[in-house]
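Written out below as structure tokens is the structure these notes cover.
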Amino acid sequence: MIVLRVGLVVLISLLAFSDPASAQLISFSDGDFDSSDWSSELGYTDGSASFVSQTEVSGGNPGAYRSFEHTFDQNILVAHYIDGLVLAPEDHSEFLRVEFSIDGFVDPAPFPFVRICFGLVAEQGGELYRAWSLDSGRFCHPAGVGFETREFTVNLSELTYVPDTIEDNPSTQSLDLSGSGAPIQFGVSTENSGASAVNTRSGGFDNVEITVFADPPVPSVGPLGLGLLSLGLVGLGMQRTPRRRRLLDSKRGS
């Protein structure tokens with residue numbers, strides 16, 4: 001009986017303190033790269049820049065993949081958007097997270113030591129935001145080593161605002177994740193930097209997966225939690241009172 005009563009208290013305590021489950025909001029995965037599912041635009045440059053992006057039917061990891069070519073004289077970032085992968089924000093605040101994975105490769109010709117960076121990108125209200133920290137939604141891959149697979153967990157509140165050009169004042173502006181926020185379009189960024197003359201770099205990506213979750217905040221022990229726990233403890237005490245009385249009565253009678 002004691003085990004049963006203790007179990008009741010444990011159950012009530014779990015109800016008082018347990019975390020709500022995460023909710024999957026939107027999800028996308030692509031290894032075929034139908035051209036109608038993708039669109040690309042120049043997201044950032046501080047010089048002269050252009051790009052080409054298209055779907056290749058073979059040569060991926062395996063099969064089809066999305067190829068790109070950057071032509072630039074200083075820095076370039078291209079945003080490759082996934083049509084239809086749009087989140088209509090609700091009041092999730094900073095508890096929105098993204099599970100993001102991608103296979104990226106860099107063409108070694110004509111410069112075998114070049115690196116291209118790949119990452120998560122989001123557009124809201126005409127403004128661009130991207131994962132900035134390496135190994136936190138973004139990685140730079142060297143040429144000539146084939147596809148590299150990377151997986152990340154990214155907090156949407158940590159995405160960095162991308163100015164249109166370097167002359168723009170970099171901002172601490174972040175995505176508006178409130179119920180009044182504009183829809184958020186997700187995709188992949190590809191970027192090069194550090195050139196001092198016109199350069200052309202090319203590469204590709206495959207097996208893109210992006211899933212957005214809403215993680216509820218860790219609950220505090222509020223009045224309801226304390227009330228449930230107290231109810232369980234009181235119930236345990238009340239259940240054991242008759243037994244204590246019987247023990248006391250037996251001692252007095254002996």
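Points worth noting:
- Against the list (1) in a loop (DSSP other than H, G, I, E, B); (2) crowded, with 16+ Cβ neighbours inside 10 Å; (3) modelled with pLDDT of 90 or more, the condition Phe118 fails is (1).
- Hits in the range 42-70 - residues which are modelled with pLDDT of 95 or more and acidic (Asp, Glu): Glu56, Glu69
- Just one of the numbered conditions (1) within 19 Å of Gly119 (Cα to Cα); (2) out of contact with any Gly (no Cβ under 9 Å at 6 or more places or on another chain); (3) among the hydroxyl-bearing types (Ser, Thr, Tyr) is not true of Ser48: (1).
- Taken as a whole, the range 6-25 holds at least one residue that is crowded, with 16+ Cβ neighbours inside 10 Å and modelled with pLDDT of 75 or more.
- Checking Pro89 against (1) modelled with pLDDT of 85 or more; (2) under 23 Å from Asp37 (Cβ atoms), the condition it does not meet: (1)
- Cross-chain or 6+ apart pairs with Cβ under 6 Å, the range 138-153 first and of a type in the set (D, E, K, R), then outside any strand (DSSP E or B) and crowded, with 16+ Cβ neighbours inside 10 Å: Arg138/Ala131
- Annotation: of all residues in the range 30-68 being of a type in the set (S, T, N, Q), assigned to a loop (DSSP other than H, G, I, E, B) and in contact (Cβ under 8 Å) with a residue 60 or more places away in the chain, the one that is nearest to Asp83 (Cα to Cα) is Asn61.
- Among the residues making up the range 151-164, those that are in contact with a Gly (Cβ under 7 Å, 6 or more places away or on another chain) and at pLDDT 90 or above are Phe152, Val154.
- The selection criterion, being of a type in the set (Ser, Thr, Tyr), more than 17 Å from Phe118 (Cα to Cα) and at pLDDT 65 or above, does not hold for Ser193.
The values are calculated or read from the model by the stated rules, or taken from the named source; none is laboratory data. Treat the numbers as computed from the prediction; the structure is a model and nothing was measured. Don't worry about glycine lacking a Cβ; one is built from the backbone with ideal geometry, like all the others, and counts go over all protein chains shown.
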